[in-house]
Amino acid sequence: MVSRVIPVDPFDLVIFGATGDLATRKILPGLYRRFFAGQIPEGSKIVGAARTAQDSDAFRAQVRAAIEEFVGAAKRDPAQIEAFLSIVDYVAVDAMGDDGWAALAQKLRDGRVHAFYFSVAPSLFGALAERLHSYKMAGPEARIVVE
């Protein structure tokens, strides 16, 4: 069987639960592998969102550590890691409240597909979806992925 990569348009991907175990072990290293393989188009952006109070630099350090631990040595190219980290951003949000949502909305760009990855407990799915709607982030081009 021959695998085929279907090209995609530049996107903004928000990972809710970005500081959690699943994101650290699987999602972020997997996204780096796709970046390394040339499968994330130029102009794309990845935004981590979680309740952890930290800045983007601290989150990038966490992403770097995840890549170093969970990506094989053959794909850990320092220049590629730096390039990947340059498209990574972070915002602290309260899934059940209003803190951080306006800041998250400002990080999303017009003219991009917006994808939201819910790497959180199922009990938070409804609250997150409601806030995406109320902060006008869930437009016709938006996609939600639940884990």
Qualifying positions in segment 49-85 - in contact with a Leu (Cβ under 7 Å, 6 or more places away or on another chain) and touching a residue at least 40 places away in the same chain (Cβ under 8 Å): ALA49, ALA66
Tabulated pairs, segment 124-139, first under 14 Å from GLY17 (Cα atoms), second open to solvent by less than 40 Å² (accessible area, probe 1.4 Å) and among the aromatic types (Phe, Trp, Tyr), C-beta under 8 angstrom, 6+ apart or interchain: LEU124/PHE16; LEU124/PHE118; PHE125/PHE118; LEU128/PHE16; LEU128/PHE116; LEU128/PHE118
Every pair of residues 6+ apart whose Cβ atoms lie under 7 Å, when the first sits in segment 31-48 and is over 16 Å from ILE15 (Cα atoms) while the second is of a type in the set (A, V, I, L, M): ARG33/VAL71; GLN39/VAL5; PRO41/VAL8
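Considering each of LEU108, LEU13 in turn, give the residue that is under 21 Å from VAL146 (Cβ atoms), touching a His at 6+ places or on another chain (Cβ under 6 Å), in contact (Cβ under 8 Å) with a residue 60 or more places away in the chain and of a type outside the set (Val, Ile, Thr). Walk me through how you get there before you give the answer.
Details: LEU13 fails: touching a His at 6+ places or on another chain (Cβ under 6 Å).
Exactly one residue qualifies, and that residue is LEU108.
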Index of the failed condition, PRO140 passing every other in (1) assigned to a helix (DSSP H, G or I); (2) open to solvent by 50 Å² or more (accessible area, probe 1.4 Å): (1)
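The values are calculated or read from the model by the stated rules, or taken from the named source; none is laboratory data. Not measured: the values here are computed from a predicted model. We place every Cβ from the backbone using ideal geometry, glycine too, and count neighbours over all the protein chains shown. Accessible surface is based on the protein model in full, side chains and every heavy atom, while ligands, DNA and RNA are left aside. Shrake-Rupley method; radii C 1.70, N 1.55, O 1.52, S 1.80 Å.
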